[in-house]
Amino acid sequence: MKDIRFILDRLKETFGEKKREKPFRCLISTMLSQRTRDENTKRASERLFSVYSSAYQLSHTSIDEIEKLIRPAGMPKNKAKNIIKTAGILVEKYNGKVPDTLEELISLPGVGRKTANIVLERAFDKPAISVDVHVHRISNRIGIVNTRNPYHTEKELERCIPKKRWGDVNYLFVQFGRMICKPRNPRCDICPFFKMCDYGMKKTSHRDMDTLRK
Ligand code: SF4
């Protein structure tokens, strides 16, 4: 059993607290972030929010107009369609507000568990673990979980992390995944969790064997 509290404490010392976000912006920018890089999401979000800042405004615009603004985020047609449909539902069903339950959020077009959980923890400060590629990869590398898909990672992490810390996981693991435990060539040489990490230890023992063979 890995000491997950130690991991979260160390990461928090390094990366600090996540920022609280406004629900509408959080939802739309997380929808834009699907399958693209952070800098593209940022550019597309800034362009979109400089013109439209509410569900009411977005629900009355055309797909073409949104598509143009969010192009930097990739898949503009799909994302524009989902954003406009979602804005319409927010207006009709929720008085223009973003709902704050998982069930309601995942019923919106283009919103899956990952996006919904981000909105719950960042915008509403509710206990939720959003499992993206970083969270899935790091949890499995260290050996906190042994899972094949993000859904099972989410459920396993919920089991072994105290509920009051669920909301820290995504933010801290994403920062750590960008800087140290990268998808390719993780920086195990400077990693504070090296001694407890299954992947890091295995990698080193292979390297030692290679050195011995030379
Ligand atoms: S030791 Fe390497 S693989 Fe393990 S958490 Fe650290 S950087 Fe990632």
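The values are calculated or read from the model by the stated rules, or taken from the named source; none is laboratory data. Note that the structure is a prediction, hence the values are computed from the model and not measured. Because the Cβ atoms are built from the backbone with ideal geometry, glycine has one as well, and the counts that use them run over all protein chains shown. When the accessible area is computed, the model is the full protein with side chains, heavy atoms only, and any ligands, DNA or RNA have been set aside. Shrake-Rupley method; radii C 1.70, N 1.55, O 1.52, S 1.80 Å.
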Could you please let me know if P186 is surrounded by fewer than 18 Cβ atoms within 10 Å (Cβ to Cβ) and in contact with a helix residue (DSSP H, G or I) (Cβ under 9 Å, 6 or more places away or on another chain)?
no
Taking the condition at pLDDT below 95, open to solvent by 40 Å² or more (accessible area, probe 1.4 Å) and within 16 Å of the ligand (Cβ to nearest atom), does K202 pass?
yes
Are there any pairs, at least 6 apart or on different chains, whose C-beta atoms fall under 9 Å, with the first in region 174-187 and over 16 Å from L11 (Cα atoms) and the second more than 8 Å from the ligand (Cβ to nearest atom) and among the hydrophobic types (A, V, I, L, M, F, W, C), and if so, which?
P183/V133
S53 vs (1) open to solvent by less than 90 Å² (accessible area, probe 1.4 Å); (2) in a helix (DSSP H, G or I): all pass except (2)
Restricting to region 21-50, give me the number of residues that are on the phi > 0 side of the Ramachandran plot and in a helix (DSSP H, G or I).
0
